[in-house]
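Notes for the one structure printed next.
The values are calculated or read from the model by the stated rules, or taken from the named source; none is laboratory data. Note that the coordinates shown come from a computational prediction; the quantities given were computed from them, not determined experimentally. Quick reminder, even Gly has a Cβ in these numbers, built from the backbone with ideal geometry, and neighbours come from all protein chains shown. For accessibility, only protein heavy atoms count, side chains too; no ligands or nucleic acids. Shrake-Rupley method; radii C 1.70, N 1.55, O 1.52, S 1.80 Å.
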Amino acid sequence: MESTELDMKDVHDEKEDAKNLIAVDLSKHETNDEVDSIVKVPEHKNGPINSALRFVRSTFRPMRQRVPRFYFLLFKVWVPLLLMICYAIFCGHFLAVLESKPEKESNDEVLRNYIEKDFKLKLVLPNVKNSYDSCLEQYESNQNQESLNFTDLKTFLQNCTRYALSDSQKIVSEFQTDVYMDTIDSLTYDWNVCSENKLHMTAPEQAIYSMETFAQQLQESVQKNTDQYGPLSTSAAASLLQENSISPHCKVNSSAGALFWYTVMTTIGYGNTAPVTPGGRAMVFTLGFIGIVLFGAVISQASYTVYTIVDDAFRMISAKQLSTGYRCIFFWFSIVIIWILVCAGVYARYQAVNYTVWDYDYADLIWFNYITLTTVGFGDIFIPHDKFEFKALFYLPLLTLIGFVFLGIFIIKLSDKVSENIDHGKSLQQILDKQRLERKDACVQNEKEYVKENEPC
């Protein structure tokens, strides 16, 4: 029994000696590159990936040692946030491609219905007028020419019905206006840009352009077929109407797709539009879920990095009280509120430059940025897709992402304070470590032969 205990003790001592030798050997080397040569498996010298990794490692590792704050802000905050924007651009483009075709087909159907209704309304008054003349001609053919003056009778009827026809004209005009406005509201431009030269315009401007272009194309088609084959039958005219489309004048709105993907990735979801194709929904189901996970990881890491740097700065200027406790919580809460106000001002400027119909006051934009930053996304106010361009992605959503970082820091600090008050300053890990040490002490007292590290008694 005694010999076994001695053997095991010797093995244990040999392990400790080996650890100490490695530590001494590593301490002799001054640079990280020399340490890596000992603790890492030798890399292959060939291959573009390994060459690129060696280049990146050799370029940025000195920066990490010399300017750690700048290094971590760059690679733990700014680069990941910009990569999230790029991820939204990449996925948003392909989503817009999938969703653009159904939107164009829906708009074509709305335009066909508008042309049919407008055509029928335009025929109402001429048909009424013609019916008077037709009825009088029938009456004239059946009566004695000497007994009545039909010319005077026609004149009398025209004067008599003039006011009624005028009122009917007003009613028809009102109906035409209602049909016109309903058509503008029914046309959507969430995934397409339909305009002259395919430039970004507001949705009402694109709708008016689409209606005018659609009607002009149809008129040219009718005129061309009439010149070739004579007057068109009803079925031929209906066929031409079905063949007419606004699609050649539209292009995929990739920037709008990127904006939508950003709202998916950040779980804001304003609800102003949604994918309708199986492919689009599959993208949101798979790549969208990956984006949500990446968003959580990036914001968590960025928040940790920023508050670590800020807390260190507070300690350097002897303001340690701002890094812990209720003052720290109030400080970061104030930062979140100030950032909401700043974002509201930026959105007000964006609105003034790009929109005349998107008319919200400053209080509305504060509300909008609040429901955006808290990811509530009611949808009462949202960023329109129609005139949104790629350049706006690098200041509107990026500002909100920075706001998420500040909000994340506030939540972390608040959580730490609540946990401290509940657990009396002891974390779960500290409690578990204490219990583990107590078990080991109990094992030693009970004269156990050997207790491995981290093994419960």
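Taking R0 as 51 Å, what FRET efficiency do you get between CYS443 and ILE412 from their Cβ-Cβ distance, rounded to the nearest 0.05? After rounding, the FRET efficiency stands at 0.85. The candidates TYR189, TYR307, arranged from most to least accessible area with a 1.4 Å probe in the full protein assembly, appear as TYR307, TYR189.
Rolling a 1.4 Å probe across the protein heavy atoms gives the range 186-296 an accessible surface of 49 Å² per residue. Annotation for the range 276-327 versus the range 385-402: alpha-carbon center distance of 19 Å. Computed from the Cβ-Cβ distance with R0 of 25 Å, the FRET efficiency linking VAL97 to ASN50 stands at 0.10. The residues packed around VAL172, meaning those with a beta-carbon under 12 Å from its beta-carbon, carry a net charge of 0 if Lys and Arg are +1 and Asp and Glu are -1.
Binning all Cα-Cα separations of the range 249-328 at 5 Å, short to long from zero, yields these whole-percent fractions: 3, 12, 15, 16, 11, 8, 9, 8, 8, 5, 3, 1, 0. Here the calculated FRET efficiency for ASP364 and THR155, from their Cβ-Cβ distance with R0 = 60 Å, stands at 0.50, rounded to the nearest 0.05. Working value for the range 310-362: equivalent-ellipsoid semi-axes of 37, 11, 5 Å, each the square root of 5 times a Cα gyration tensor eigenvalue, largest first. Here the 3J(HN,Hα) profile of the range 71-87, calculated from phi with Karplus coefficients 6.51, -1.76 and 1.60 at θ = phi - 60°, is 4, 6, 4, 6, 9, 9, 10, 5, 4, x, 5, 5, 5, 5, 5, 5, 4 Hz, Gly and Pro shown as x.
Over the range 282-392, the Kirkwood radius and the radius of gyration, each from Cα atoms, give a ratio Rg/Rh of 1.06.
Ordered by solvent-accessible area of protein heavy atoms (1.4 Å probe), largest first, the residues LEU95, LEU121 come out as LEU121, LEU95. What separates the Cα centres of the range 170-231 and the range 63-92 is a distance of 46 Å. Note on TRP367: accessible area is roughly 100 Å² with a 1.4 Å probe, heavy atoms of protein only. Were the residues from GLU105 through ARG64 laid out at 0.36 nm apart, the gain over their Cα-Cα distance would be 9.3 nm. Here the Karplus curve 6.51 cos²θ - 1.76 cosθ + 1.60, taken at θ = phi - 60°, turns the phi angles of the range 60-69 into couplings of 9, 5, x, 5, 4, 7, 7, 10, x, 5 Hz, with x standing for Gly and Pro.
The local environment of ILE381, defined by Cβ-Cβ distances under 13 Å, has a net charge of -4 under the rule Lys, Arg +1 and Asp, Glu -1. The slack between PHE333 and GLN430, meaning 0.36 nm per residue of separation minus the straight C-alpha distance, is 32.1 nm.
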